[in-house]
1. Based solely on C-alpha atoms, express the radius of gyration and the Dmax of the chain in angstrom.
2. Restricting to the chain, what percent of DSSP beta bridges are antiparallel, rounded to 5?
3. What number comes out for accessible area per residue over the stretch 32-75 if the probe is 1.4 Å? Units Å², please.
4. What net charge do the residues around Ile293 carry, taking every other residue with its C-beta under 9 Å from that of Ile293, with Lys and Arg at +1 and Asp and Glu at -1?
5. Roughly how many Å² is the accessible area per residue of the stretch 267-343, as a whole number, for a 1.4 Å probe?
6. Compute the Rg/Rh shape ratio of the stretch 1-128: radius of gyration over Kirkwood radius, all on alpha-carbon atoms.
7. Using per-residue counts of other Cβ atoms within 10 Å, averaged over each peptide, order 282-295, 348-361 from highest down.
8. Taking a label point 7 Å from the Cα of Lys132 along the Cα→Cβ vector, which residues of the stretch 139-179 have an amide N closer than 18 Å to it?
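The values are calculated or read from the model by the stated rules, or taken from the named source; none is laboratory data. These figures come from a predicted structure and were not determined experimentally. Cβ sites come from the backbone with ideal geometry, for glycine too, and all protein chains shown count toward neighbours. What goes into the accessible areas is simple: the full protein's heavy atoms, side chains included, and nothing from ligands, DNA or RNA. Shrake-Rupley method; radii C 1.70, N 1.55, O 1.52, S 1.80 Å.
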Amino acid sequence: MVFKNEQSFEDALVNLLISQKGWDEVLDNPSEEDLIQNWADILFQNNKEKDRLNNVPLNRSEMNQIIEQINGLQTPLKRNEFINGKSVSIKRENEEDTLHFGKEVSLKIYDRQEIAAGMSYYQIARQPRFTKKTSILPDRRGDIMLLINGMPVIHVELKRSGTPISKAVYQIQNYMHEQVFTGIFSLIQVFTAMTPEETVYFANPGEAELFNKDYFFHWANFYNEPVNDWKQIADTLLSIPMAHQLIGFYTIPDTADNVLKVLRSYQIYAAREIANRVIKIDWHEKDQLGGYIWHTTGSGKTLTSFKSAQLIAASGEADKVVFLMDRIELGDQTLIEFKSFAELEDEIHGTDSTVDLINKLKSDKPTEKLIVTSIQKMSNIREDGIGNADLEQIQAKKMVI
């Protein structure tokens, strides 16, 4: 299908997304104030309980508290941590809430596990209006923003048929240079540049000067065959549940580089298939079969491995996930990288000795589920004074290595 103008392309894309039954509602030409009020309404719906909002809506002053917290987060990495932190705290200023007035309450904002209509709100903002930073700049409107629980997390920039995809990327970069992605718009995690014939997606770099085409990714199917047709993109990358999962599971705040990263499609498929295979394991079978995922140099194996291990650890289907390396120095380097990817530093544990490894394997602490070690640290177990009772306790664990 050939689209001679962006408007017809936008109409077709929005209609297709709505027809999928994942996206619930379309907001036409909203201003930033409209989106803040929309977010306030959704926060109220999700937090009506007596111990939260006590059935009293949020007023503008209370929403300002949330926006101020967002403005204090200087990078997309920090805003990703905010979104995936599940909740935000405010001081109640609405006097109608006599139970909590003047007190701090915690509000649920997003849960990566709640992927379904009725549990999360999915909206499409068409032609959202940006707030100008100076009167000399022209009025700006985006094409499409995808909102989850009221938060704009994916921005889609469209260009008509026959237009180079670089034009859509440049438009996003120009918007960022003009600083339109501030306030509630700063919550955008992933940008999607799209023509009817080609699509690229990339994590929000935070600054126009940090745009790097090496991190612009094309979508692909399970067999790593490129997907560019706009209908297939709408049915996969921009659909529910994928859009929800992209924000909750497949964006990675890398504290070592201080940037937000998003996984390539083949990394997503690999991590998901590894985790799903573990979930289906019958732990009572005597002969458990292993498997492997093969990637080439430079394909992001460490990030894929981390995400696979994190998904397995979070699933509750395994007591321990051990990332095992063949050299101590490689294990130490991997531990550093894993910790930079982790949402909480104590989510990842290394080992100093064989005894330390055994104790972590025996531990029932929920924070000691993901362990990075090397093969050398698993040798000489008997010589280090590890008895049969210790080994039996370890063998009783559901362990993925």
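1. Rg and Dmax of the chain, Cα atoms, are 23.4, 76 Å.
2. Around 60 percent of the beta bridges assigned by DSSP in the chain are antiparallel ones.
3. 49 Å²
4. Net local charge, Ile293 excluded: 0.
5. 58 Å²
6. Ratio value, two decimals: 1.04.
7. Sorting 282-295, 348-361 by mean packing, highest first, produces 348-361, 282-295.
8. Counting backbone N atoms under 18 Å from the label point, the list is 139-142, 174-179.
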